[in-house]
Amino acid sequence: MAAEKEKKIGEYGIAFKGLKEGQHLYEYKLGSAFFELFEQPQVETGELLAKVTLTKSTRMLELSFHIDGVVEALCDRCLGLMDVPVTYKGKLFVKFGEVYDEPTEEIVILPHEEHTVNIARFMYEYIVVSIPIRHVHPDKEDGTPGCDTEMLAQLETYMVDQEPASGQDEENDNEEIDPRWNELKKLKNKNNK
């Protein structure tokens, strides 16, 4: 099973040693099979298209990513499944050194003897960080919520009604105040003059 997983992840490796200098375009369709490659995925389902432009020069590689599509997530309001749009544009610079390193989020250092760069993990991370923090079904054309109406009705039964703050103040005004507080208020008002 692990060997099969490694083989599938290997499909996202770009062999750059034999490439001529200049730009090279790669496209990947990312769906459920892609997300299954990662342990404890934050995303399990989606349909995305990743366009990766590799620019090769003598000293480094520049990878430009454009990922666009939708992922499936739970609505924050009704907990129903929904498609959340995801878009990512960014760059990754690959330099060469003695050992593998990731000194920043945009720079990767590969050992000189490497001949491929695997971009699966990078694409996965770019998708995850591009998911909006809050996802709620969009409203319908008539202005009503697009959420599951049965679930909204169920949630309504658990809502706690709170009295408005102004009503509470009126009650407090009608209560008898401890005379000691009145004396302290006089001292306070005297000091403020």
Fill in: Hey, Glu62 in the same structural domain as Leu92 (by TED's automatic domain parsing) and outside any loop (DSSP other than H, G, I, E, B) or not
yes
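Which one is surrounded by the fewest Cβ atoms within 10 Å (Cβ to Cβ), of the residues in segment 15-64 that are closer than 18 Å to Ile127 by Cβ and polar (S, T, N, Q)? Full working, then the answer.
Within segment 15-64, the first condition is being closer than 18 Å to Ile127 by Cβ, and the residues that meet it are 26-53, 63-64.
Right, trim to polar (S, T, N, Q) and you get 32, 40, 42, 45, 53, 64.
On the way: Ser32: 13, Gln40: 4, Gln42: 14, Thr45: 15, Thr53: 14, Ser64: 15.
Of everything passing the filter in segment 15-64, Gln40 is surrounded by the fewest Cβ atoms within 10 Å (Cβ to Cβ).
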Item to complete: Determine, yes or no, whether Val108 is among the aliphatic types (A, V, I, L, M), under 22 Å from Glu11 (Cα atoms) and either assigned by TED's automatic domain parsing to the domain that holds Ile9 or modelled with pLDDT of 90 or more (or both).
Response: yes
Fill in: Subset of segment 125-161 (residues that are more than 25 Å from the chain's Cα centre (by Cα), of a type in the set (Asp, Glu) and outside any helix (DSSP H, G or I))
Glu141, Asp142, Asp161
Practice prompt. Would you check if there is a residue in segment 71-83 being surrounded by 12 or more Cβ atoms within 10 Å (Cβ to Cβ) and among the basic types (Lys, Arg)?
Written response: yes
Worksheet item: Going by the structure shown, is Val117 farther than 13 Å from Ala50 by Cα, touching a residue at least 40 places away in the same chain (Cβ under 8 Å) and hydrophobic (A, V, I, L, M, F, W, C)?
Response: yes
Worksheet item: Within the bounds of segment 134-141, is there any residue that is touching a Pro at 6+ places or on another chain (Cβ under 7 Å) and either among the aliphatic types (A, V, I, L, M) or surrounded by 13 or more Cβ atoms within 10 Å (Cβ to Cβ) (or both)?
Response: yes
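The values are calculated or read from the model by the stated rules, or taken from the named source; none is laboratory data. The structure displayed is predicted, hence computed values, not measured ones. No Cβ is skipped: glycine too gets one built from the backbone with ideal geometry, and neighbour counts run over all protein chains shown.
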